[in-house]
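Reading through the structure tokens given below for one structure.
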Amino acid sequence: TGDLIVYVDLFNVEDVVQEKTQLVVAATTDMLTGVSNRASAETRIREFLSSKSHDGAFFIVDLDNFKLVNDRMGHPEGDKVLCDVAQIIKSIFRDDDVVARLGGDEFCIYAPGMTSLDVVNRCIEPLLSRCHFEYPCKDDSFVVTLSIGVAFASQANHDYAILYQCADQALYNA
């Protein structure tokens with residue numbers, strides 16, 4: 001008939017972008033603590049290590065006696081402790097450092113450019129002092145503290161698996 005027919009379909013791109021952003025956050029973040037999850041941390045750390053000029057310190061942090069919090073005080077209190085520890089770690093380390101929850105009661109930090117044992121100790125001391133949680137119970141009390149293992153990327157030849165193994169061994173020794 002010669003008539004021009006046009007079909008227009010409009011949708012809000014902002015909704016699509018927001019949904020994609022939410023999916024990325026959900027895939028890379030530990031939803032309880034708000035820090036990175038294990039997979040995204042490993043990816044970011046491997047990126048730093050691939051550039052040999054990015055030496056740094058890798059920390060593994062484990063909560064001592066954490067099981068007692070869940071067993072005696074309940075899981076909501078255990079979740080609170082995990083969130084508190086994550087916030088304390090974030091407040092001590094730099095914004096560009098990788099802070100992640102590995103799972104359970106373990107966290108890791110990769111601090112690019114941190115190559116001095118003195119600087120490492122300046123981070124560890126406040127971390128140990130601020131992450132000291134005392135719980136009075138009916139007949140006794142218990143304390144949740146931290147154990148920390150540290151390794152340097154240069155010692156591990158910038159290999160993530162070796163770096164993790166070295167920090168894990170240092171954690172075991174601690």
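The values are calculated or read from the model by the stated rules, or taken from the named source; none is laboratory data. This structure is a prediction, so every number in the text was calculated from the model and none was measured. Cβ placement follows ideal geometry from the backbone for every residue including glycine, while neighbour counts extend to all protein chains displayed. To get the accessible areas, we keep the full protein, side chains included, count just its heavy atoms, and leave off ligands, DNA and RNA. Shrake-Rupley method; radii C 1.70, N 1.55, O 1.52, S 1.80 Å.
Structure above, values below:
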read-out	value
Aspartates and glutamates whose Cα lies under 20 Å from that of Lys138, excluding same-chain neighbours fewer than 8 positions away	Asp71, Glu77
For the stretch 156-171 and the stretch 32-46, distance of Cα centres in Å	17
Mean separation of Cα contacts under 8 Å, 6 or more apart, over the residue count of the chain: relative contact order %	27
Max mean-square fluctuation residue, GNM over the chain, Cα-Cα springs under 10 Å, options Leu82, Leu102, Leu23	Leu23
Accessible area expressed per residue, the chain, with surrounding protein chains retained (probe 1.4 Å, Å²)	60
Relative contact order computed over the stretch 94-150 (Cα-Cα under 8 Å; 6+ residues apart), in percent	19
Span-like helix ranges in the chain, DSSP H, alpha carbon extent 24 angstrom or more, Kyte mean at least 0.0	75-92
Residues in the stretch 62-84 that a label on Arg130 would reach, taking backbone N under 18 Å of a point 7 Å out along Cα→Cβ	62-64, 80-84
Three principal axis lengths of the stretch 99-168 [C-alpha, angstrom, descending]	50, 25, 17
Distance (nanometres) between label positions extended 7 Å along Cα→Cβ at Asp140 and Arg44	3.9
Most to least packed among 146-156, 132-142, 39-49, 68-78 [average Cβ atoms within 10 Å]	146-156, 39-49, 68-78, 132-142
Carbon + sulfur, % of accessible area of the stretch 1-127 - ligands and nucleic acids excluded, 1.4 Å	54
Cα-Cα P(r), the stretch 15-131, percent of pairs per 10 Å interval	13, 40, 32, 13, 2
